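**Student:** This is the structure I want to talk about, given as structure tokens.
The values are calculated or read from the model by the stated rules, or taken from the named source; none is laboratory data. Every value quoted in this text rests on a predicted model; they were computed, and no experiment measured them. Cβ placement follows ideal geometry from the backbone for every residue including glycine, while neighbour counts extend to all protein chains displayed. Side chains included, ligands, DNA and RNA excluded: accessible areas come from the protein's heavy atoms. Shrake-Rupley method; radii C 1.70, N 1.55, O 1.52, S 1.80 Å.
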Amino acid sequence: MNEAELLTLIDQEERQALAYFGGSLSREREVAIEYYHGNLDIAAPAGRSAVVSTDVRDAIDGMLPDLLDVFLSSSDIVRFEPNGPEDEDAANQATEVANYVFYRENNGALILYEWFKTALLEKNGVVKYWWEESENASRETYQGLNEIQLQMLAADPNVEIVEHTQTSGGAEVQKGENQEGEPQTPGYEQQGQEILHDVTIKVKNKKGKVCIQSLPPEEFLVSIRHNSLSLKDCGFCAHRTKKTASQLKEMGIDVTDLKGGDENPTDFTPEYLARRRFAEERTPNTADGVKEYGVLDAYVMVDYDGDGFDELRRVVRVGGEIKINEEADHIPFAAICPNIMPFRFFGLSIADLLVDIQRNKSVLKRQM
């Protein structure tokens, strides 16, 4: 299989996935959000009571604190237990690292809140976790450096000198020439005085960390053939979103040859629009000169190497082109559901159980 065939396969899986664009699933999630905000789909007669019962919101907001208390009442989101006395130090260290990553490097409390509330309101909550290596640049200015300090600074492979001037005896001399305009080498001394250097540098910072993110339901796609809440053996699942050129560069993706950003269907799904209650939120405009690209981060089981066995691959599609195609050893998504349905990925939310009750109670209250 070549990359063109793989791209065709990814496009087909995406369009066949649950909640790709619209459909009954998106409609049910839209209704749940509207009912949570008290927007009933039954209009009140003119001049009559328009009271609305808020059963969906009351139930979800009532359950959420108790669920969060289970995890947030302790400073440890997870604790590693030693198998024996010789493992105690390692278990304690692993516990500290895991909790630092979750609470300090990531906003753990907010992740849990969004994860649980999404599941209670919109059937399933999905969290993505991954190791991210990024690179960014910062500018720094130094004044009065001697020759040794300048050479130490320039020797750093992550440092690029963007501006450089030399001074000697209070008189400014440009790099590469003395006051008479004659070429000179670094360290040239004029009238017995050491030359000092003023430089502005660009420092490239490379770093990596564990990232955890709660996903909006419309950004997560799962194969229609998948029949379990667990995503361990899922044949296709993906995260679709938008990123700027700068964000793509931090991911190590070259955007030089990208012809343009492909449209992201999540901007027009019913639940996306229902979540944005204000009109100005529904048609966001990017700043001039800031281009966004549709990104699909997909995990698919496919026989790419032609050995007759399917293997898990990570495929990142940007602007209609495959930019990352590599083997993967796990699917970095975790899903929860408050009311699991057997042999199905999507179950029932608390809102699903209360929409009819809220509608009937609202009608009865209006009649009263």
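**Student:** With the full set of protein chains in place, find how many percent of the accessible area of the chain is carbon and sulfur; take the probe as 1.4 Å. Spell out each step's value before the answer.
**Tutor:** Numbers: 10390 of 21120 Å².
The C+S portion of the solvent-accessible surface of the chain is 49 percent.
**Student:** Which residue fluctuates the most in the chain, going by a Gaussian network model with Cα springs under 10 Å, if the choices are SER74, SER24, SER223?
**Tutor:** SER74
**Student:** Among the lysines, which fall within straight-line cross-link reach of LYS123, defined as a Cα-Cα distance under 21 Å, with same-chain neighbours fewer than 8 residues apart omitted?
**Tutor:** Cα-Cα hits under 21 Å: LYS232.
**Student:** Could you tell me the ratio Rg/Rh of the chain? Both radii from Cα atoms, Rh via Kirkwood.
**Tutor:** Using only Cα positions, Rg/Rh for the chain is 1.12.
**Student:** Continuing with this model, one more query. Excluding residues fewer than 8 places away in the same chain, name every one of the lysines whose C-alpha is closer than 17 Å to that of LYS243.
**Tutor:** Partners found: LYS128, LYS259, LYS291, LYS323.
**Student:** Springs between alpha-carbon pairs under 10 angstrom, Gaussian network model over the chain: which of PRO65, PRO45, PRO216 fluctuates most?
**Tutor:** PRO45
**Student:** Further question on the same structure: Which of the three applies to region 295-368, rounded, prolate or oblate, going by the alpha-carbon gyration tensor with a ≥ b ≥ c and a/c under 1.5 meaning rounded?
**Tutor:** Details: a/c = 4.89, a/b = 2.76, b/c = 1.78.
Here region 295-368 falls in the prolate category.
**Student:** Less than 19 Å apart at the alpha-carbon level, and either on another chain or at least 8 residues along: which aspartates and glutamates does that give for LYS207?
**Tutor:** In chain and number order, the partners are GLU105, GLU132, GLU133, GLU135, GLU140, ASP156, GLU160, GLU250, ASP254.
**Student:** Using helices alone, I'd like the mean residue ellipticity at 222 nm for the chain: each DSSP H run of four-plus residues gives -39500 (n - 2.57), total over residue count, nearest 500.
**Tutor:** Computed ellipticity for the chain at 222 nm equals -9500 deg cm²/dmol.
**Student:** Once R0 is set to 51 Å, what does the formula 1/(1 + (r/R0)^6) return for the Cβ-Cβ distance between ILE42 and ALA328, expressed as a FRET efficiency to the nearest 0.05?
**Tutor:** 0.60
**Student:** So with the 1.4 Å probe, I'd like the accessible area per residue for region 288-368, rounded to whole Å².
**Tutor:** Roughly 53 Å² per residue, with all protein chains present.
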